[in-house]
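The next block holds one structure in the form of structure tokens; read it before the comments.
The values are calculated or read from the model by the stated rules, or taken from the named source; none is laboratory data. Please read these numbers as outputs of a predicted model, since none were measured by experiment. As a convention, Cβ positions derive from the backbone with ideal geometry for all residues, glycine included, and neighbour counts pool all protein chains shown. In case anyone asks, the SASA skips ligands and DNA or RNA and just uses the protein heavy atoms, side chains included. Shrake-Rupley method; radii C 1.70, N 1.55, O 1.52, S 1.80 Å.
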Amino acid sequence: QALPVLFKHWLKNEEVEEGGTAVLRCELTKPDASVEWRKGDTVLQPSDKYEIHQEGTRVELFIYDAEAQDA
């Protein structure tokens, strides 16, 4: 049985000026594991607002043109 994927490094709170770009990063115990970024019950999809990068065990979410409701 395969071991579960765990966080090696958890997300940290990120503060950004309104209109700026927030970057959230985490690191997993297994490379290329499937990751979903969510805000509440909504799964975030790549778009003009959200960009998702995954390389090996490192996963990043970029939130462009940040607004208060992105908190």
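Mind listing just one residue for me: the one in segment 54-71 that is closer than 21 Å to VAL5 by Cβ and either part of a strand (DSSP E or B) or in contact with a strand residue (DSSP E or B) (Cβ under 7 Å, 6 or more places away or on another chain) (or both) and, of those, most open to solvent (accessible area, probe 1.4 Å)? Ranking the qualifying residues of segment 54-71, first place goes to GLU55.
Report the residue count in segment 1-20 for those that are within 14 Å of TYR64 (Cβ to Cβ) and touching a residue at least 24 places away in the same chain (Cβ under 8 Å).
Step one: filter segment 1-20 for residues within 14 Å of TYR64 (Cβ to Cβ), giving 14, 16-20.
Checking which are touching a residue at least 24 places away in the same chain (Cβ under 8 Å) leaves us with 16-20.
Residues in segment 1-20 being within 14 Å of TYR64 (Cβ to Cβ) and touching a residue at least 24 places away in the same chain (Cβ under 8 Å): 5 in total.
Of all residues in segment 21-53, how many are in a loop (DSSP other than H, G, I, E, B), over 18 Å from GLU67 (Cα atoms) and either in contact with a helix residue (DSSP H, G or I) (Cβ under 6 Å, 6 or more places away or on another chain) or free of Cβ contacts under 8 Å to residues at least 12 places away in the same chain (or both)? The total comes to 3.
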